[in-house]
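The values are calculated or read from the model by the stated rules, or taken from the named source; none is laboratory data. Fair warning: this is a prediction, and the values are worked out from it, not measured in the lab. Note: ideal-geometry Cβ built from the backbone for every residue, glycine included; neighbour counts use all protein chains shown. For accessibility, only protein heavy atoms count, side chains too; no ligands or nucleic acids. Shrake-Rupley method; radii C 1.70, N 1.55, O 1.52, S 1.80 Å.
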Protein chains: 2
Amino acid sequence: MGVWSLVVRMPRRSVLNLLGLGTRAVSLLNGNSLQTFHSSLKHASSLPKAGFKPEKVAVVTKTTRYEFEQQRYQYAGLSEEDLKHLLALKGSSYSGLQERHKIHTNNVEHIVKSLRSEGIEVRIVKRGEYDEEVVRWADAIISAGGDGTMLLVASKVLSKDKPVVGVNTDPERSEGHLCLPVRYTHAFPEALKKLCCGEFRWLWRQRIRLHLEGTGINPTPVDLHEQQMSLEQHSQAHRITTMLRKGNPYESFSKPNLLPIRSLNEIFIGESLSSRASYYEISVDDGPWEKQKSSGLSICTGTGSKAWSYNINKLAEQAVEEVLNIGKSQTGLDIPLNRDFIEKVTDLYNKSLVFSPDDRRMFFSIREPIVNRVFSSSRQRGFASKVSVRSRCWDACMVVDGGTSFEFNDGAIATISLSEEDQLRTVDLEN
Amino acid sequence: MGVWSLVVRMPRRSVLNLLGLGTRAVSLLNGNSLQTFHSSLKHASSLPKAGFKPEKVAVVTKTTRYEFEQQRYQYAGLSEEDLKHLLALKGSSYSGLQERHKIHTNNVEHIVKSLRSEGIEVRIVKRGEYDEEVVRWADAIISAGGDGTMLLVASKVLSKDKPVVGVNTDPERSEGHLCLPVRYTHAFPEALKKLCCGEFRWLWRQRIRLHLEGTGINPTPVDLHEQQMSLEQHSQAHRITTMLRKGNPYESFSKPNLLPIRSLNEIFIGESLSSRASYYEISVDDGPWEKQKSSGLSICTGTGSKAWSYNINKLAEQAVEEVLNIGKSQTGLDIPLNRDFIEKVTDLYNKSLVFSPDDRRMFFSIREPIVNRVFSSSRQRGFASKVSVRSRCWDACMVVDGGTSFEFNDGAIATISLSEEDQLRTVDLEN
């Protein structure tokens, strides 16, 4: 086991560096894509008693693709010229990446300047350096990036008292649904003014908590974004954290271990390898256990109901048209099914998948359930207060907000639930 | 880069052994799950002119989970007792695994005995030893396992003249839709008799072929089953094959490279890490290129239309009921939507996803398309004769029949098509 004994003796960060890991803003399957998003905010917010004037603000910045590619190629010993050439070969543009990088850094500068001119103490923190100490220090945290950065920032804020604000630093490239409206990116002083004067509402987003127990569990998470995960690096990182963890190989956690992370969008459970089926047992709201085989399981919040869960469950017009046509032919009635009608039904169906960020329920979806003699699926999706999952997987993970991954293999049990303490305090500047 | 220089100097098999790789029958997302399967066979077969009497038959056997766990634990230096204990901790049963293993080996013995008593020369080949030489030697090949084994066996048969027959060696655990009906597992001499007497039909299953070109491609495949792939091992294996391949790092294939593999079920293209979004460009039947972001792309044959593609596209009654209810409310008509009606519509919808194994078309499906300002999706699925895909992925793969994986990263271009030469010759024993 020559290779592995070498690896074990190295400090974790050196190993990860050896593997060429750096930072990158990895795109998520999370795309909050509905226009009704803002209208649902009205149910979820509350008026502040006075203005909000933080003394200390941490600004957490994303890693641009330009920075990421630079780090990666510098590590490999390649020059800037080599990088340009390689990118060109792939059909990517070096100058394009530089441009997006410049846009982002200019917007960060704008935010920081605006804060400092209000006499606020600012600490600029790269995503890789962002930790609990930064959260403790800050009175408020600003995420300067896209939705992915916002999810990461939120993930380390466990208290419902610490406000988090997202600013979209590249509106042309990021959807930024978890961020302030795009106009504040270039007019941040306006946003600050509203905050100071109390012209805003608090928006309390309900989040999900996770307990893990059973054998084969490793409660040390792996950051998918920070560590530029390829498939290999993902499991390698899981494996390293397991090896570095001291203890009996037959160690079993006798009581559930509450993980120090809260999910703002969703928990995804499934085999790490995208082409492999996931096996597990599931119990919803303490109901009977069901053995299932599928492409994985998603459990989302109201905030997350517009993200990956939405993409799992939404229907294309093509599918809705087919269902309606079959339905029509089965009734034998002459029901007019024109393009507008189909669009309307599709739209209403997809909207019904979305619920309010402050809703105290979670929504589970089984992705591509495989139903046969051995496996069943009583409900493909639904609301719940509690979902328990027992892994029967070979090399699976539990992924929080598309960004943090926990090993979740055969024998491990996850309990997914909500608690009022887990709300995230964000702001709503719409009037 | 100490670790890697060590790795490069080792022969590939040693490296893979070092990583603790052995064999395992890994479950696929391929579950051919429709009852109409057999009825569709009638369109696809043709009567033989005379009986079929092979002189030399290769019997390719699956690796049972029992064998797999043994190899894995022996490699780790654990005893049989340790193995029992570990399995029990995970809630698995050692004696259960032994039992399934015994059932499989007994059924293989039955097949081999039956063949030999007809004077046929038999070569028993483990899946790990199965290669082109075996295919050349044999007049016919029997797959003794489940659907996964059948897919592997078929993948190395490039000629449409070499018959392949699947026998399900554990009917209680495997669906075996690509195998002979279950009764022949215990009465194989009956099947042999029918073959010899010509009381059967040939079933020609159309398969898919793949061309690869562009930068960042590695035409050396990785066998997901043979190599007990965890996520890490999957990409590590890709990486090793890249390093072992000689040549200029900027090497680009100037003309498309036809891969020596044919897909019986489907090609899946997407990021290897299940939680990461896939970026690519797609052109259907030489149409305009479209930039897309999704959970991946599936392109299947008629055979595969009952497998993973079916699971991607099928609708649960729950969803159909919702669509019909919304449709009903939009018409304002009083249309009765009872349980039977909904079941019927769901069933017809799902059946419409299936097409004949000898159909000369492929069916593409975009899994969880993400539609926003940047990405569009004109059609979520449809038939095609040719599909071209350009990768914009970070760490993606092209997976053939859930079992063989090719690296498919940024810049690589895959062309997926059908050719009459690519049919697989199988048998239909139903009268």
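So, of the residues in the range B:71-122 that are basic (Lys, Arg) and within 22 Å of B:VAL182 (Cβ to Cβ), which turns out to be farthest from the chain's Cα centre (by Cα)?
Out of the qualifying residues, it is B:LYS113.
Looking at the range B:177-186, is at least one residue open to solvent by less than 20 Å² (accessible area, probe 1.4 Å), assigned to a helix (DSSP H, G or I), over 19 Å from B:THR63 (Cα atoms) and not polar (S, T, N, Q)?
Within the range B:177-186 (the criterion being open to solvent by less than 20 Å² (accessible area, probe 1.4 Å), assigned to a helix (DSSP H, G or I), over 19 Å from B:THR63 (Cα atoms) and not polar (S, T, N, Q)), the answer is yes, since at least one residue qualifies.
Out of the residues in the range A:265-293 meeting the condition of being hydroxyl-bearing (Ser, Thr, Tyr) and more than 8 Å from chain B (Cβ to nearest Cβ), tell me which one is surrounded by the fewest Cβ atoms within 10 Å (Cβ to Cβ).
The residue in question is A:SER283.
Examine the range B:97-104 for a residue that is more than 20 Å from B:TYR66 (Cβ to Cβ) and either of a type outside the set (S, T, N, Q) or in a helix (DSSP H, G or I) (or both), and state whether such a residue exists.
no
Only residues that are within 19 Å of A:THR169 (Cβ to Cβ) and in a helix (DSSP H, G or I): list them for the range A:110-147, please.
Across the range A:110-147, the qualifying residues are A:HIS110, A:ILE111, A:VAL112, A:LYS113, A:SER114, A:LEU115, A:ARG116, A:ARG127, A:GLY128, A:GLU129, A:VAL134, A:ASP147.
Within the range B:394-412, how many residues are over 28 Å from B:ILE141 (Cβ atoms), in a strand (DSSP E or B) and in contact with a Leu (Cβ under 7 Å, 6 or more places away or on another chain)?
0
Could you identify the single residue in A:PHE383, A:PHE375 that is at pLDDT below 95, more than 7 Å from every other protein chain (Cβ to nearest Cβ) and within 18 Å of A:VAL284 (Cα to Cα)?
When all the criteria are applied, what remains is A:PHE375.
Anything in the range A:307-364 that is surrounded by fewer than 16 Cβ atoms within 10 Å (Cβ to Cβ), part of a helix (DSSP H, G or I) and touching a residue at least 40 places away in the same chain (Cβ under 8 Å)? List them, or say none.
Correct list: A:LYS351 only.
Take A:VAL389 and decide whether it is assigned to a loop (DSSP other than H, G, I, E, B) and either of a type in the set (Val, Ile, Thr) or in contact with a Pro (Cβ under 6 Å, 6 or more places away or on another chain) (or both).
In short, no.
Might you check whether a residue that is closer than 25 Å to B:THR303 by Cα, of a type in the set (Lys, Arg) and in a helix (DSSP H, G or I) occurs anywhere in the range B:150-169?
no
Does the range A:124-141 hold any residues that are of a type in the set (A, V, I, L, M, F, W, C) and more than 17 Å from A:GLN423 (Cα to Cα), and which are they?
Result: A:ILE124, A:VAL125, A:VAL134, A:TRP137, A:ALA138.
The rows are residues; the columns are (1) modelled with pLDDT under 55; (2) on the phi > 0 side of the Ramachandran plot; (3) crowded, with 19+ Cβ neighbours inside 10 Å.
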{"site": "A:LEU16", "(1), (2), (3)": "yes, no, yes"}
{"site": "A:LEU21", "(1), (2), (3)": "yes, no, yes"}
{"site": "A:GLN35", "(1), (2), (3)": "yes, no, no"}
{"site": "A:HIS43", "(1), (2), (3)": "yes, no, no"}
{"site": "A:PRO54", "(1), (2), (3)": "no, no, yes"}
{"site": "A:ARG72", "(1), (2), (3)": "no, no, no"}
{"site": "A:GLY91", "(1), (2), (3)": "no, yes, no"}
{"site": "A:TYR94", "(1), (2), (3)": "no, no, no"}
{"site": "A:ILE103", "(1), (2), (3)": "no, no, no"}
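Can you pull out the residues in the range A:413-431 that are of a type outside the set (Gly, Ala, Ser), open to solvent by less than 30 Å² (accessible area, probe 1.4 Å) and not in a strand (DSSP E or B)?
Those that are of a type outside the set (Gly, Ala, Ser), open to solvent by less than 30 Å² (accessible area, probe 1.4 Å) and not in a strand (DSSP E or B): A:ASP422, A:GLN423, A:LEU429.
Taking B:GLU172 and the conditions (1) within 14 Å of another protein chain (Cβ to nearest Cβ); (2) at pLDDT 90 or above, which numbered condition does it fall short on, given that it satisfies the others?
It is condition (2) that B:GLU172 fails.
Just to verify a result, which residue in the range B:297-308, among those that are at pLDDT 95 or above and of a type in the set (Gly, Ala, Ser), is farthest from B:ASP422 (Cα to Cα)?
Among those residues, the one meeting the criterion is B:SER298.
Condition first: of a type outside the set (Phe, Trp, Tyr) and in contact (Cβ under 8 Å) with a residue 24 or more places away in the chain. Can you find one or more residues in the range B:76-94 that meet it?
So far as the range B:76-94 goes, yes, one or more of its residues are of a type outside the set (Phe, Trp, Tyr) and in contact (Cβ under 8 Å) with a residue 24 or more places away in the chain.
Given the options B:GLU281, B:GLU290, B:GLU271, B:GLU266, name the one that is closer than 16 Å to B:ARG361 by Cβ, in contact with a strand residue (DSSP E or B) (Cβ under 8 Å, 6 or more places away or on another chain) and acidic (Asp, Glu).
B:GLU266
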